[in-house]
Amino acid sequence: MSTGYTMDDRLRNWARWRLKNRSGGSYARSTMEERVDGDRQGWDAPLAINDDEADAVDIEAAMQRVEDEARRVIGVHYLDNSLQRVKLAKMGCSRSRYYEIVQAARLKVEAEVAQLIALRRERARAESQRLREVVRRAAA
């Protein structure tokens, strides 16, 4: 995903992707409370990138690698279209504690995504090196 997008942007993109795939192709919409509480663009505004689906797949893979509690809080925060007070009740905590938990979960997902991308780059580098060696041998 292009630089300039926060992990929150990327997780919102992932949530749109998840909800779109679950609902048969139409993007989910956020509540007015979420739009006012968050950014003014609304969270159903598409990201201005071409690789948003690929990034959502990376986020999905990272979500499978984080512990259950981080997955749960990310799911409540990004996939649950309930009002904020309902989300707070589901998590059983105050508003400030809820956002601390969400931020901690975001950081865990971000670390997993970075690790997955680093592994992918290393594999691509190794494959490129292997192919260069094959071409060199064939030319000899």
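General remarks:
- The single residue among 55, 39, 44 that is charged (D, E, K, R), within 17 Å of residue 7 (Cβ to Cβ), within 15 Å of the chain's Cα centre (by Cα) and modelled with pLDDT under 90 turns out to be 55.
- Those helices (runs of 4 or more DSSP H) of segment 57-140 in which 2 or more residues are farther than 20 Å from residue 12 by Cα occupy 95-139.
- Residue in segment 110-127 that is in contact with a Phe, Trp or Tyr (Cβ under 6 Å, 6 or more places away or on another chain) and of a type outside the set (S, T, N, Q) present: no
Matching residues to (1) touching a strand residue (DSSP E or B) at 6+ places or on another chain (Cβ under 7 Å); (2) under 23 Å from residue 17 (Cβ atoms); (3) modelled with pLDDT of 95 or more:
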| position | (1), (2), (3) |
| --- | --- |
| 84 | no, yes, no |
| 102 | no, yes, yes |
| 109 | no, yes, yes |
| 116 | no, yes, no |
| 124 | no, no, no |
| 136 | no, no, no |
| 139 | no, no, no |
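The values are calculated or read from the model by the stated rules, or taken from the named source; none is laboratory data. It should be emphasised that the depicted structure is a prediction, and the values quoted were computed from it without experimental measurement. Positions of Cβ are backbone-derived with ideal geometry, glycine not excepted, and every protein chain shown enters the neighbour counts.
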